[in-house]
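Here's the structure, in structure tokens; my notes come after.
The values are calculated or read from the model by the stated rules, or taken from the named source; none is laboratory data. Computed from a predicted model, the values in this text were never measured in an experiment. Reconstructed Cβ throughout: ideal geometry from the backbone, glycine too, with neighbour counts over all protein chains shown.
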Amino acid sequence: MRFDKLFSPIKLGKTEIPNRVVLAPMGVSVYSPDDTWPKRTIRYFEERAIGGTGLIISSFTRVHNKLATGPSPMIGIYDDRLIPSHTELVEKVHQHGSKIFLQIALHGCKFGGLEGPSSIYSLNYAVRPRELTTEELDHLVDCFVKAAFRGKEAGYDGIEVHGGYSYLIGAMISPALNKRADKYGGSFEGRMKFPTDIIKGILDKYPDFTVGFKYSAYEWLEGGVDIELAKKIAQYIVKTGVSFLDIASSSSTTTLYTSKYSHVPPIYVPRNTLMPLAEEIKKVCPQTPIIANGAITVPEEAEEALAKNRCDMVAIGRALIADPHWANKARSQKTETITPCIRCNVCHHQLWLGTPLCCSMNPYVLKESRQKLSFTAVKKNVMVVGAGPAGMRCALTASKRGHKVTLYEKRGHVGGMMYPGSRPSFKNDVARALQWFESEIKKSNIVLRLNTEVTPDLVEKEAPDVLVICIGAYPIMPDVEGMDKPGVDSAINILEDISKYRGKKAVVIGGGEVGCETACYLADHGFEVTIVEILQEILKESEITEMKLRLSDLIRERKISIILESKLNKITEEGAEIIMPYDTQMGLSQGGREQGLDADVIAIAVNQKTDSALVDSLSMKVEEFYIIGDCKKPARIKEAVEAGEEVARSI
Ligand SMILES: Cc1cc2nc3c(=O)[nH]c(=O)nc-3n(C[C@H](O)[C@H](O)[C@H](O)COP(=O)(O)OP(=O)(O)OC[C@H]3O[C@@H](n4cnc5c(N)ncnc54)[C@H](O)[C@@H]3O)c2cc1C
Ligand SMILES: Cc1cc2nc3c(=O)[nH]c(=O)nc-3n(C[C@H](O)[C@H](O)[C@H](O)COP(=O)(O)O)c2cc1C
Ligand code: SF4
């Protein structure tokens with residue numbers, strides 16, 4: 001496909017942007033004590049410019065260092081002393097032909113911040129913020145305006161005023177969060193006064209400067225911004241002279257995180273999910289360039305949205321974390337070489353943990369200066385055992401470094417657990433990532449031996465210089481009566497080939513991520529499904545709230561039954577017999593009773609275990625060996641990819 005629209009220039013105000021690809025503003029969770037840009041953050045942005053991104057929007061920078069700042073640290077633009085650091089960033093980005101805008105914001109009462117538009121109790125953060133006084137808001141308008149002036153002085157090509165996500169400006173424009181009676185509230189115009197004063201204040205002094213507005217066109221709040229109000233906001237703000245609108249959706253500060261429009265949409269939500277919001281705004285503001293957001297990861301889909309005039313530019317966040325060269329690869333028609341983002345939200349989760357941004361598919365995020373590979377001085381025979389993500393990544397990098405690599409896989413396909421993990425239709429982004437691995441392996445010099453189970457004898461026979469053991473983990477099957485009955489199998493085997501399993505009813509034992517995804521997959525294949533979970537809730541160990549909530553949505557939409565605090569007792573002729581309730585603390589079936597569940601298929605998704613005996617026996621055959629990925633410690637794709645890369649660099 002040609003990407004004529006995607007790579008056509010566009011003017012935002014007086015600023016010409018070379019193409020329609022925008023790096024969505026994203027905090028990278030790295031700070032410096034003096035609130036300047038850390039060197040590695042500048043390098044991170046520069047890499048996205050090298051990759052051909054037309055416009056880079058900086059992450060959130062704060063316009064005040066004390067008032068309405070929220071609890072977390074941020075890069076600053078609140079003082080003149082910060083300007084040189086911003087200039088350094090701008091110059092690095094400009095060297096590669098990209099434009100760069102500064103995003104200015106304040107958290108307000110989001111994330112438990114102590115000051116906001118109104119004193120509304122936040123259930124999420126158990127905080128009742130203080131209402132900012134009128135004088136404080138006047139002062140903050142001035143701070144935003146001066147911050148934009150500093151941005152101009154630093155050399156930025158424009159400013160994005162952050163009015164989304166229930167941050168200070170987002171909350172000021174929300175009828176649900178702004179209950180003020182002064183000039184900054186009380187009516188639509190009153191609520192809009194704060195952002196419009198900011199924008200007018202900037203443009204009064206620099207009428208030719210490019211200023212845009214990012215906001216949430218949908219808040220999941222009773223009485224909050226909905227799409228109708230969002231249209232009105234757009235039409236109103238356009239009159240201030242903004243050069244573009246950047247359309248996002250919101251998470252809120254007062255209720256739980258349950259908007260149907262996730263602002264960072266995880267894999268369980270379809271791609272391009274916020275495009276309808278951008279499209280609605282485009283209809284009412286046809287003359288204003290509209291930037292769309294939200295799970296835009298595939299160049300063909302971005303081109304289609306632009307060609308259909310649903311938006312004018314595409315803000316790409318996570319896909320540009322996963323592959324900073326997304327734009328150049330698309331432009332040169334090499335889309336199959338783009339490392340796909342699997343929308344696992346591990347990156348976003350780092351903001352909550354307060355640890356630096358990282359990525360499941362790209363081990364070089366914030367380590368861009370390290371990514372150049374050195375060619376090996378000594379070419380070695382490298383035997384990689386297991387073609388999961390750890391083995392595939394290790395083989396690819398070791399081969400690029402000039403080693404002679406043979407990748408062994410006992411199954412008939414590569415991917416390891418990425419293969420069953422990509423089977424449900426809602427895991428399509430993992431399927432794309434697996435296709436990427438396959439295609440990279442095909443192009444490489446790696447010798448791939450499928451259907452070859454590696455034994456200690458085979459290692460001895462091949463006598464490699466280096467052995468990399470990445471054989472993954474295997475599913476634990478409960479030791480109960482009847483496990484050999486037909487229809488009883490591991491969730492992994494069922495995901496691998498569901499055509500082997502027939503019937504009407506299915507029971508999934510284990511309500512973790514694998515169990516829940518398997519339950520949805522079975523439901524998608526016509527089964528009436530029940531999940532049996534030993535703990536008090538399903539997905540208890542899922543750390544990433546957004547992922548957990550969206551997977552729970554999929555379970556609910558499919559009307560899957562859930563039985564909690566119950567344990568598999570045995571497999572019977574009719575199905576599964578469980579003990580409920582099962583007392584996990586006592587480890588006993590105290591007070592529990594047996595309950596039969598009719599089932600034609602019983603999927604076991606309780607846990608995984610490493611085969612340490614095999615790992616040990618393989619490792620004994622070679623002097624230089626490495627044990628990586630799930631066979632060392634079951635984890636996720638991120639840990640497997642990282643370990644594969646590290647070992648391959650060190651051989
Ligand atoms: C259903 C499911 C869904 C998942 N979804 C996600 C997700 O969305 N995001 C995420 O981050 N993680 C996910 N995970 C976890 C993730 O897939 C694993 O953490 C990751 O695949 C581990 O990689 P690995 O290379 O260490 O091992 P594996 O992927 O397990 O690969 C090991 C490979 O070694 C092969 N092998 C084993 N023994 C031998 C032998 N003797 N000789 C030759 N080959 C051998 C196996 O056949 C296998 O192909 C999921 C896991 C499952 C089970
Ligand atoms: C790690 C991370 C940090 C983010 N930080 C910001 C931010 O500083 N300002 C902002 O407006 N949006 C921020 N966002 C939201 C993104 O700009 C974007 O709207 C969202 O990720 C959806 O785009 P995507 O699906 O392409 O990732 C962040 C998102 C992520 C993943
Ligand atoms: S961590 Fe996951 S969601 Fe974030 S960019 Fe990487 S692959 Fe995408």
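Summary of values
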item	result
Members of the range 268-311 that are polar (S, T, N, Q), closer than 18 Å to G164 by Cβ and more than 12 Å from ligand 2 (Cβ to nearest atom)	T288
Residue within the range 7-15 that is surrounded by 24 or more Cβ atoms within 10 Å (Cβ to Cβ) and either more than 16 Å from ligand 3 (Cβ to nearest atom) or not hydroxyl-bearing (S, T, Y) (or both) present	yes
Residue check, P363 modelled with pLDDT of 95 or more, under 15 Å from the mean Cα position of the chain (by Cα) and more than 16 Å from ligand 1 (Cβ to nearest atom)	no
P73 vs. criteria in a loop (DSSP other than H, G, I, E, B) and surrounded by fewer than 24 Cβ atoms within 10 Å (Cβ to Cβ)	yes
Some residue of the range 320-329 being touching a residue at least 12 places away in the same chain (Cβ under 8 Å), in contact with a strand residue (DSSP E or B) (Cβ under 6 Å, 6 or more places away or on another chain) and within 15 Å of ligand 3 (Cβ to nearest atom)	yes
In the range 337-360, residue modelled with the lowest pLDDT [restricted to those that are part of a loop (DSSP other than H, G, I, E, B) and more than 14 Å from ligand 1 (Cβ to nearest atom)]	G354
Residue tally, condition farther than 20 Å from P478 by Cα and surrounded by 19 or more Cβ atoms within 10 Å (Cβ to Cβ), over the range 524-543	1
Helices (runs of 4 or more DSSP H) within the range 410-462 that include 1 or more residues free of Cβ contacts under 8 Å to residues at least 24 places away in the same chain and either in contact with a Cys (Cβ under 8 Å, 6 or more places away or on another chain) or more than 29 Å from D524 (Cβ to Cβ) (or both)	428-443, 456-462
Residue, farthest from the chain's Cα centre (by Cα), within the range 294-315, restricted to residues that are more than 14 Å from R271 (Cβ to Cβ) and part of a helix (DSSP H, G or I)	A307
Selection status of L177, closer than 25 Å to I247 by Cβ and at pLDDT 95 or above	no
Qualifying position, being over 29 Å from the mean Cα position of the chain (by Cα) and of a type in the set (D, E), among E543, E533, E565, E537	E565
Tally, over the range 620-642, of residues that are away from ligand 3 (no atom under 16 Å from the Cβ) and either under 22 Å from P475 (Cα atoms) or among the hydrophobic types (A, V, I, L, M, F, W, C) (or both)	11
Selection count, the range 250-275, where residues are in contact with an Asp or Glu (Cβ under 8 Å, 6 or more places away or on another chain) and at pLDDT 85 or above	6
Candidate set: the range 315-336, residues that are under 22 Å from E543 (Cβ atoms) and hydrophobic (A, V, I, L, M, F, W, C); chosen: the one nearest to ligand 1 (Cβ to nearest atom)	A322
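Here's the yes/no breakdown for (1) under 17 Å from H86 (Cα atoms); (2) free of Cβ contacts under 8 Å to residues at least 60 places away in the same chain; (3) not assigned by TED's automatic domain parsing to the domain that holds D226; (4) not basic (K, R):
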site	(1), (2), (3), (4)
R130	no, yes, no, no
D138	no, yes, no, yes
A147	yes, no, no, yes
G151	yes, no, no, yes
H162	no, no, no, yes
P175	no, yes, no, yes
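Residue-wise test of (1) in contact with a strand residue (DSSP E or B) (Cβ under 6 Å, 6 or more places away or on another chain); (2) in a helix (DSSP H, G or I); (3) touching a residue at least 24 places away in the same chain (Cβ under 8 Å).
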| residue | (1), (2), (3) |
| --- | --- |
| A171 | yes, yes, yes |
| K183 | no, no, yes |
| G190 | no, yes, no |
| K193 | no, yes, no |
| D204 | no, yes, no |
| F213 | yes, no, yes |
| W220 | no, no, yes |
| G224 | no, no, yes |
| K231 | no, yes, yes |
